[in-house]
1. Quick one: with label points 7 Å out along Cα→Cβ, list the inter-copy distances for residue B:58 in nm, shortest first?
2. Would you kindly work out, in nm and rounded to one decimal, the distances from the label point of residue B:70 to those of the same position in each other copy, ordered shortest first, with label points 7 Å along Cα-to-Cβ?
3. For peptide A:40-50, what's the mean number of Cβ atoms from other chains within 10 Å of each residue's Cβ?
4. Which ³J(HN,Hα) values in Hz, rounded to whole numbers, follow from the phi angles of the stretch A:22-33 under the Karplus curve 6.51 cos²θ - 1.76 cosθ + 1.60, where θ = phi - 60° and Gly and Pro get x?
5. Relative to 2.2 N^0.38 Å, what does the C-alpha radius of gyration of the protein assembly as shown come to as a ratio? Two decimals please.
6. At 222 nm, what helix-only mean residue ellipticity would chain A give, in deg cm²/dmol to the nearest 500, using -39500 (n - 2.57) for each DSSP H run of four or more?
7. Over chain B, consider all pairs of different Cα atoms and compute the Kirkwood hydrodynamic radius from their mean reciprocal separation; express it in Å, one decimal.
8. Cα-Cα over 30 Å: which of A:25/B:80; A:82/B:57; A:85/B:25; A:82/B:85; A:80/B:80; A:85/B:82?
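Nothing in this text is a laboratory measurement; each read-out follows from the coordinates by a stated rule. Keep in mind it's a predicted model, so treat the numbers as computed, not measured. Cβ: placed from backbone, ideal geometry, glycine included. Neighbour counts: every protein chain shown.
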2 protein chains.
Amino acid sequence: MNYIEGIGFIAAVLTTTAFLPQVYKTWRTKDVSSLSLPMLFMFFVGIVGWLIYGVLKQSPSMIFANTITVVSAFLLIYFKIKYRKR
Amino acid sequence: MNYIEGIGFIAAVLTTTAFLPQVYKTWRTKDVSSLSLPMLFMFFVGIVGWLIYGVLKQSPSMIFANTITVVSAFLLIYFKIKYRKR
């Protein structure tokens, strides 16, 4: 692994970890009032785009980061639909 | 611009745009209670890492996306420090 991928992996760990407390908080409180479904969906599609980009650029750190974040974003969309007021 | 950068730019627009309503909402409401300073700082350093990675990989779409998101993350840190309860 070269030093560029080293920087990528540090960035990957920081940005994916920063996202996890939101997922945990939403799961625990079931409070999805401040989450916007169109915004979550836009973010999800964007992350899928970055994942495809990472695969095409053969970037291990981008594939690693965006695979985790795709799951996080998917969970938030799932919580939003499951827990929203009917 | 090749098609890989095309996918990158679509991803860049989606993920940076999804982040802007949070910045606007925080600026308008001055409610920073649900924002965590350590988490914001970790996210900010991570995005700086992705920006450096994008420069080293000579990726125009990563440089574009992460420059905008660095500014967004910086503004959230600034609001958090400015508007937190004393």
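1. 1.5
2. 2.8
3. Per-residue shielding by partner chains comes out at 6.
4. Ordered by residue, 3J(HN,Hα) equals 5, 4, 5, 4, 5, 5, 6, 8, 6, 8, 10, 4 Hz.
5. 1.02
6. It comes out at -29000 deg cm²/dmol, rounded to the nearest 500.
7. So the Kirkwood estimate lands at 13.7 Å.
8. A:82/B:57; A:82/B:85; A:85/B:82
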